[in-house]
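S.K.: Dumping the structure here so I can ask a few things about it.
The values are calculated or read from the model by the stated rules, or taken from the named source; none is laboratory data. Keep in mind it's a predicted model, so treat the numbers as computed, not measured. No Cβ is skipped: glycine too gets one built from the backbone with ideal geometry, and neighbour counts run over all protein chains shown.
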Amino acid sequence: MKRRVRPLALLALIATGCGVPSLLDKIDAESEKSVDIVCSCSNVFPDRAMCEGMFNSFLSFFDRDCLENALEIDKDGSKTTLKCFLDRAREYNDCLEDRLDCNDAQSVSDCQQNFDDCPELPPAVDEKASACAATTD
């Protein structure tokens, strides 16, 4: 009996860590990491608030609850896209850590987040997610 419990518990733990909200949290954490890396160059960005405004998460442009609901329409298709976004965000941070030179403001341009090769969200999800864009009225 004990042998079954451990694999089942592990499977449950793994499954909960790969859900849509978890992937959004991970993408957001990578975005925060990007901001921290870039904005640590105080000689390039002496005003941290200004820097954070320039390098904020693309998720900040969406109402989070609305976005989660939209992505739940097709969980598998959404997860595929989100996992790709997460991989690209991690690659971007790796590039920043390797190439960012706080004495060269242009060095940040060597690293680009490229989501073009990621699969598009399923059409129904994309339509619903588009309506989740946060307004700044």
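S.K.: From the set of residues in the stretch 87-132 that are among the small types (G, A, S) and within 16 Å of the chain's Cα centre (by Cα), which is nearest to C41 (Cα to Cα)?
M.R.: A89
S.K.: Then there's this: Can you tell me which residue in the stretch 82-100 is surrounded by the fewest Cβ atoms within 10 Å (Cβ to Cβ), limited to those that are over 14 Å from S34 (Cα atoms) and out of contact with any Phe, Trp or Tyr (no Cβ under 9 Å at 6 or more places or on another chain)?
M.R.: K83
S.K.: When A124 is evaluated against the numbered criteria (1) touching a residue at least 24 places away in the same chain (Cβ under 8 Å); (2) buried (at least 16 other Cβ atoms within 10 Å of the Cβ), which criterion, by number, is the only one it fails?
M.R.: It is condition (2) that A124 fails.
S.K.: Sticking with this structure for a sec: Out of curiosity, is I14 part of a helix (DSSP H, G or I) and modelled with pLDDT of 85 or more?
M.R.: no
S.K.: If S107 passes every condition in (1) of a type outside the set (F, W, Y); (2) without any contact (Cβ under 8 Å) to a residue 60 or more places away in the chain; (3) surrounded by fewer than 15 Cβ atoms within 10 Å (Cβ to Cβ) but one, which one does it miss?
M.R.: (3)
S.K.: I'm checking my understanding of the structure. Among residues of the stretch 42-61 that are small (G, A, S) and within 12 Å of the chain's Cα centre (by Cα), which one is surrounded by the fewest Cβ atoms within 10 Å (Cβ to Cβ)?
M.R.: This residue is S60.
S.K.: From the residues in the stretch 110-120 that are in a loop (DSSP other than H, G, I, E, B) and touching a helix residue (DSSP H, G or I) at 6+ places or on another chain (Cβ under 7 Å), which one is surrounded by the most Cβ atoms within 10 Å (Cβ to Cβ)?
M.R.: C111
S.K.: Would you be able to say whether some residue in the stretch 51-74 is at pLDDT 80 or above, part of a loop (DSSP other than H, G, I, E, B) and small (G, A, S)?
M.R.: Scanning the stretch 51-74 turns up no residue that is at pLDDT 80 or above, part of a loop (DSSP other than H, G, I, E, B) and small (G, A, S).
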